[in-house]
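To start, the structure under review is shown below, and the notes come after it.
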Amino acid sequence: MEGKQIGVIFNFFEKVGVIAIELTDKLKVGETIRIVGGDKDFTEIVDSMQIDGKNVSSAKKGDQVGIKISDKVHKGYRVFKVK
């Protein structure tokens, strides 16, 4: 279930539960991501994604996106796309 790494968390906005990552591959709303780091290893379905505060349905390599998640994480955690 590891999947392909698509980025590393470079910021976490705890009050709103949003991670910021720079993508190394494409990602679409509805796909499943896996977050791994520290003692965390969990999956999330991407319900919404934003670039520069605007909702988008997909993003490409190099885009910096915000994704709402349900758990607390830290900078440096790895993000994978689960097939």
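FYI, it's all coordinate maths here, none of it is from the lab. Here the structure is a predicted model, which means the values were calculated and not measured.
In table form, for the structure just shown:
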{"item": "From phi via Karplus (6.51, -1.76, 1.60), per-residue ³J(HN,Hα) for segment 17-31 in Hz, x at Gly/Pro", "result": "x, 10, 9, 10, 9, 9, 6, 10, 7, 6, 8, 10, 4, x, 7"}
{"item": "Length-normalised contact order of the chain in % [C-alpha pairs under 8 Å, at least 6 apart]", "result": "43"}
{"item": "Cα-based reach from Lys15 at 19 Å (exclusive), listing aspartates and glutamates while leaving out same-chain residues under 8 positions away", "result": "Glu44, Asp47, Asp52, Asp71"}
{"item": "Rounded to whole Hz, the Karplus (6.51, -1.76, 1.60) HN-Hα couplings of segment 32-41, x for glycine and proline", "result": "9, 10, 10, 10, 10, x, x, 9, 9, 7"}
